[in-house]
1. Select from the stretch A:129-160 the residues that are modelled with pLDDT of 90 or more and of a type in the set (S, T, N, Q) and write down the one among them that is surrounded by the fewest Cβ atoms within 10 Å (Cβ to Cβ).
2. Would you call A:ALA182 closer than 29 Å to B:ARG452 by Cα, in contact with a Gly (Cβ under 7 Å, 6 or more places away or on another chain) and either more than 10 Å from chain B (Cβ to nearest Cβ) or surrounded by fewer than 22 Cβ atoms within 10 Å (Cβ to Cβ) (or both)?
3. Tell me whether the stretch A:157-178 contains one or more residues that are farther than 27 Å from B:VAL329 by Cα and within 12 Å of chain B (Cβ to nearest Cβ).
4. For the stretch A:185-216, enumerate the residues that are surrounded by fewer than 24 Cβ atoms within 10 Å (Cβ to Cβ), within 23 Å of the chain's Cα centre (by Cα) and of a type outside the set (Ser, Thr, Tyr).
5. A:TYR108 fails exactly one of the following numbered conditions: (1) within 11 Å of another protein chain (Cβ to nearest Cβ); (2) at pLDDT below 90; (3) buried (at least 20 other Cβ atoms within 10 Å of the Cβ); (4) closer than 30 Å to A:ILE225 by Cβ. What is the number of that condition?
6. Please determine, by comparing only the residues of the stretch B:326-344 that are more than 26 Å from the chain's Cα centre (by Cα) and facing another protein chain (nearest Cβ under 9 Å), which one is surrounded by the fewest Cβ atoms within 10 Å (Cβ to Cβ).
7. It is to be established whether one or more residues within the stretch A:66-75 are aliphatic (A, V, I, L, M), in a helix (DSSP H, G or I) and either at the interface with chain B (Cβ under 8 Å from one of its Cβ atoms) or closer than 26 Å to B:MET330 by Cα (or both).
8. Suppose we keep only residues that are part of a loop (DSSP other than H, G, I, E, B) and closer than 21 Å to B:LEU49 by Cα within the stretch A:41-65. Which one would you say is farthest from the other protein chains (Cβ to nearest Cβ)?
Amino acid sequence: MKKCFLSIASLALYCAVVTLSASGALALNYPNKPIRIIVPFSPGGPNDIRARLVAEKLTESWKQQVIVDNRPGADGAIGMELAAKAAPDGYTIVLSPSGSLIVTPSLYTKLRYDPVRDFAPITQLTNSAIIMMVNPALPVRSVKELIALAKAKPGQLNYATPSSPFYLVGEMFKVRAGVDIAYIPYKGSAPSMTALISGEVAVMFDTPLMSLPHVKAGRARAIAICSPKRSAAMADVPTMTEGGLPGFEAGVFSVVLAPAKTPPEIVQKLNVEIVRILHMPAVQHRLTSIGDDIVGSKPAELSAHIKAELEKYAKVIKAAGIPRIE
Amino acid sequence: MTDIIHNLTLGFGVALKPLYLLYCLLGCLLGTLVGVLPGIGALATIAMLLPVTFNLPPEAALIMLAGIYYGAQYGGSTTSILVNIPGEVASVVTCIEGYQMARQGRAGPALGIAALGSFFAGSVATFIIVLFGPPLTEVALRFGQAEYFSLMLLGLVGAVVLAHGSLLKAFAMVFLGLLFGLVGTDIYTGITRYNFGMRELFDGIGFVPPAIGLFGFAEIIANMELKETVNVFTTKVQKLMPTREDFQASWKAILRGTAVGSFLGILPGGGALLSSFVAYTVEKKLAVDPSRFGKGAIEGVAGPEAANNAGAQTSFIPMLTLGIPGNAVMALMVGAMMIQGITPGPRVMIERPELFWGLIASMWVGNLMLVVLNLPMIGIWTRLLTIPYRFLFPAILLFCCIGTYSVNNSTFDVLMAVGFGLLGYLFRKLDCEPAPLILGFILGPMMEENLRRTMLLSRGDPTVFLTRPISLGILLVAVFLLLLTVLPVIRRTRGVVFKE
């Protein structure tokens, strides 16, 4: 009788332990197997570099293999969808640029992932302000002069951008400044910079990283930076606010996300560790050398930022009459 | 002049340091390996090794990455010649003649001429970079969207010339290639075309599946049809090295190829691509006996290979002088430099001369290393071909599948390659050639992009192609080439009609 009671009790205890460890107590053991960071772009790009830095440091501190899984395609949509549908156990996370998270869902209607519903934000890694440049042959040295020229020649000037995020910034400028400049898309920074230098287009938007060498060499003239304060690397470039468009802010940023239903304790653990990594001097050095401003925000802050950006661009799309694509 | 000598001395002083020689060798070895394996190419390898370069001195990093780049060019020719699989776009042309030479037991001379021609072209191109780098970039900047469109159109006309069978079939294949190129996303409106709702086709079909399918898989399937006793490659392998006659036949082709490649390589975004095709067209048009083309004409290997390598080297020019990368690999090199804290551009020459000239000198050293590596390997490669085909082809299939998968970590790509393989087999039965299709496939999207951008810039005015002098010049050459190709056929058919 006693033996029977003991065996039932131990069985019950065993079941209780198993059930407990399957749920909230999971975070205690996390991580106990390799973690996968999905990067929705090909190896070698800036996001891949950031992901590999984080992966390397996480592997060191957690003694678990953290690997980067490149899933390029569809402007990031393939990798994002994969991450959205992954098991929410904290062993799959995604490192994404703002383009795939904010811009693509704003422009396309039938995407298979939703930037707010399908992801649990972990942290915003970096931010990079956008600068506006003109061809140096143009008699324009400030935003005001550009606006004046554009108003004098409606529909005659052209602007180039390397990709969609910058396109929306360009449209935002047109709406705020009330000018008509034709949009000419290019595939990437290099062709659009070539177009600006050769005079094929008059204006261009890009990140300082891509443009600094050319601005320093005098082949492009930077007339504004879309951030609240001037940048240290380009101290003589005025902000958009100084140029006459107050509150005009735009940047490209990178974030780390987890699938939506990932347990909050795991999200918190990832956040704390990644932010700690972001403040390591070696990591800071590498990231600033690719033009990033380190952020390292909390999950709630990132969540708010994502919503704000989505709203901002939704307004631009409406005001500029940009058609949304199926 | 003394300036140049001083700079070159500085450069070689850097490039010949034992540490940097080691990195150069490493890069060349890796590049060759990667070039030989179908699918995975220089771009992916450089991308994967980029983080490793964080911790290396900048000269070592760039020398190694550059070594991978042109090592892959050499390696790519090897697979094209041996197993009819183009390692990258530029090697498609080498497949046409090189593989036929291999089947006739002349793989050795083909590989040899490819290596030596490439070395010559690489040396000349390095020289050109040293002497004419900056002025040439100014020329490159004159090429706007209209000029690029006309150049692509010229390339398409050249695609028809590539074929040696029926002209009608060649046109058909080019247009089929253009149609395949339409699959994907419209850059201007973001609307997806012909992707049947599949996300994998959002970015289009990609170069690797059609190349491996149409050239590699189709070849294997066709060979399966041969009777057991017939060997795919004649076992009677002739000389391993090119003979005096081979050199005699090839040296002019090499010179012409070098010239073509050196110039086209400078044009950012698509120049180097065209170099081997244009060189092939030039050789075919200037040949005394054009009927030899398609059956293993050595000029068809020498010219394009030289052009290819010259183009690869001169594509460094816009990157080094202006900081504008001419293609995706150059973009990664720019990334590598920026990670090291070096902003590429005209200042690099002044601020870090040992880096700039060291890199240029190492290009020549790298080319030399590659010839030294590849020539002895010819014996091994030809020995490989004597393995009975029933053991050889599964290995080839395996490497092809791994290579195709590795590009995007996608099994869909492998399935597409299989599909193209079946299609390629069908084409063989119908006596249609895949090379014009591939060229149409690559040039089509580029033409469309440039055409529409030109129209956007000119606000819908089509005369811009004729009013811009360079564009007009290129278009005239294209028309001339087209007439040259089509008229003899018309005259012949007319003659036949009149006879009856």
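1. Only one residue fits best here, namely A:SER142.
2. Answer is yes for this residue.
3. yes
4. Residues satisfying the conditions are A:PRO185, A:LYS187, A:GLY188, A:PRO191, A:PRO208, A:LEU209, A:MET210, A:LEU212.
5. Unmet condition: (3).
6. By that ranking, first place goes to B:GLY341.
7. Among the residues of the stretch A:66-75, at least one is aliphatic (A, V, I, L, M), in a helix (DSSP H, G or I) and either at the interface with chain B (Cβ under 8 Å from one of its Cβ atoms) or closer than 26 Å to B:MET330 by Cα (or both), which makes the answer yes.
8. Per the criteria, the residue is A:GLN65.
The values are calculated or read from the model by the stated rules, or taken from the named source; none is laboratory data. Predicted model, so just to flag it, every value in this text is computed and none were measured. Every residue, glycine among them, receives a Cβ derived from its backbone with ideal geometry; neighbour counts consider all protein chains shown.
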